[in-house]
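Undergrad: The structure's right below; bear with me while I get my questions together.
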Amino acid sequence: STELLFGQIGRFDKMLADLLEISRFDAGSAALSLQEWDVGEIARDVIDFAQPLAQANGCQIRLHIEGNKVTAVVDHTRIERILRNLVVNATEHGEGKPIDINVVGDDTAVAVRVRDHGIGMSEEVAEHVFDRFYREDKSHNCKKEGYGIGLSMAEGIVRMYKGQIRALWRDKVMYFIVQLPS
C-alpha cells in the first residue's frame, strides 16, 4: 500500500504542476526559456522515456529526421512536454502498431509529426481533442489514465510560439502535427 500511495502522490504532483502551467497560460504569465536546440535530440530523449511503455504495448517507435540536424530556438522543457504527451498517447492508442516521428525543418520553421496506426478517433472526438479535461467515452477500450489536460497543454505551449498543432485522422492513420517558427 505504500507503493500504491507513493504512485498516487506522484500522479497528483504531476497533475498539480500541469494545472499550474495551464493557469500561467490563462494569465498570460507563462514565459519561454529560449535557446538553440536540436529538435531531433529532444525527440530521441522522448523516445528513450517512452520506450518501456512502448514495449509494454508491443509497439515500435521509429524516428525519421530530415538531414543530420534540425535546430531551432525553443524552450527545451516545453517542446519535450509536447512530444512526450503525443508519443505516450500514440503508444497507448496505437494498438501495438509502429509509431513514426518525423522531424523536419528549414530556416523558417520546424515541424514534428507523430503518426500511429491505431484506433484513431471519431470526428466528434477530433473536434474536442484539445479541449481542457476532455476525454473519450470511458467505454472505449483503452488504458488511458490521464486527466484530459495533456493535449490542451500542448496546444497552449504551441500558441505561445504562435505555431500550430493539428490532429488529423486519414486513411486509418492518426497524425498529430506540430509546426513552430524556427
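Undergrad: Please work out if ILE79 is in a helix (DSSP H, G or I), open to solvent by less than 30 Å² (accessible area, probe 1.4 Å) and within 21 Å of ARG159 (Cβ to Cβ). Before the answer, list the steps.
TA: Values: in a helix (DSSP H, G or I): yes; open to solvent by less than 30 Å² (accessible area, probe 1.4 Å): yes; within 21 Å of ARG159 (Cβ to Cβ): yes.
In short, yes.
Undergrad: Filtering segment 91-101 down to residues that are in contact with a helix residue (DSSP H, G or I) (Cβ under 9 Å, 6 or more places away or on another chain) and at pLDDT below 90, which residue is least open to solvent (accessible area, probe 1.4 Å)?
TA: Only one residue tops the list, namely GLY94.
Undergrad: So which residues in segment 1-26 are open to solvent by less than 90 Å² (accessible area, probe 1.4 Å), more than 12 Å from SER152 (Cβ to Cβ) and hydrophobic (A, V, I, L, M, F, W, C), if there are any at all?
TA: MET15, LEU16, ALA17, LEU20
Undergrad: Using the structure shown, decide if MET174 is in contact with a Gly (Cβ under 9 Å, 6 or more places away or on another chain), at pLDDT 65 or above and under 18 Å from VAL114 (Cα atoms). Step through it out loud before you land on a result.
TA: Values: in contact with a Gly (Cβ under 9 Å, 6 or more places away or on another chain): yes; at pLDDT 65 or above: yes; under 18 Å from VAL114 (Cα atoms): yes.
When the stated conditions are applied, MET174 passes them.
Undergrad: Would you tally the residues in segment 15-26 being of a type in the set (Val, Ile, Thr) and either more than 15 Å from ARG78 (Cα to Cα) or assigned to a loop (DSSP other than H, G, I, E, B) (or both)? Spell out how you get there, then give the answer.
TA: Here is the first cut: in segment 15-26, the residues of a type in the set (Val, Ile, Thr) are 22.
With either more than 15 Å from ARG78 (Cα to Cα) or assigned to a loop (DSSP other than H, G, I, E, B) (or both) added as a condition, the list becomes none.
Count: 0.
Undergrad: Okay, moving on. Which one of these is in contact (Cβ under 8 Å) with a residue 60 or more places away in the chain and either charged (D, E, K, R) or surrounded by 14 or more Cβ atoms within 10 Å (Cβ to Cβ) (or both): VAL110, VAL104, VAL125? Walk me through how you get there before you give the answer.
TA: On the way: VAL104 fails: in contact (Cβ under 8 Å) with a residue 60 or more places away in the chain; VAL125 fails: in contact (Cβ under 8 Å) with a residue 60 or more places away in the chain.
Step by step, each of VAL110, VAL104, VAL125 is checked, and only VAL110 is in contact (Cβ under 8 Å) with a residue 60 or more places away in the chain and either charged (D, E, K, R) or surrounded by 14 or more Cβ atoms within 10 Å (Cβ to Cβ) (or both).
Undergrad: Follow-up. Report yes if HIS117 is surrounded by fewer than 14 Cβ atoms within 10 Å (Cβ to Cβ) and not polar (S, T, N, Q), otherwise no.
TA: So HIS117 does not fit the description; no.
Undergrad: For ASN141, state whether it is surrounded by fewer than 21 Cβ atoms within 10 Å (Cβ to Cβ), among the polar types (S, T, N, Q) and modelled with pLDDT of 85 or more.
TA: Numbers: surrounded by fewer than 21 Cβ atoms within 10 Å (Cβ to Cβ): yes; among the polar types (S, T, N, Q): yes; modelled with pLDDT of 85 or more: no.
Answer is no for this residue.
Undergrad: Can you find a residue that is free of Cβ contacts under 8 Å to residues at least 24 places away in the same chain, part of a helix (DSSP H, G or I), loosely packed, with under 14 Cβ neighbours inside 10 Å and of a type in the set (A, V, I, L, M) anywhere in segment 27-50?
TA: Yes, the conditions are met somewhere in segment 27-50.
Undergrad: Which numbered condition trips up ALA109, out of (1) within 16 Å of the chain's Cα centre (by Cα); (2) of a type in the set (A, V, I, L, M); (3) closer than 21 Å to ARG166 by Cβ?
TA: (1)
The values are calculated or read from the model by the stated rules, or taken from the named source; none is laboratory data. Quick caveat, the model's predicted, so the values are computed rather than measured. Note that each Cβ is placed from the backbone with ideal geometry, even for glycine, and that neighbours are counted across all protein chains shown. Calculation scope for accessible area: heavy atoms of the full protein, side chains included, ligands and nucleic acids excluded. Shrake-Rupley method; radii C 1.70, N 1.55, O 1.52, S 1.80 Å.
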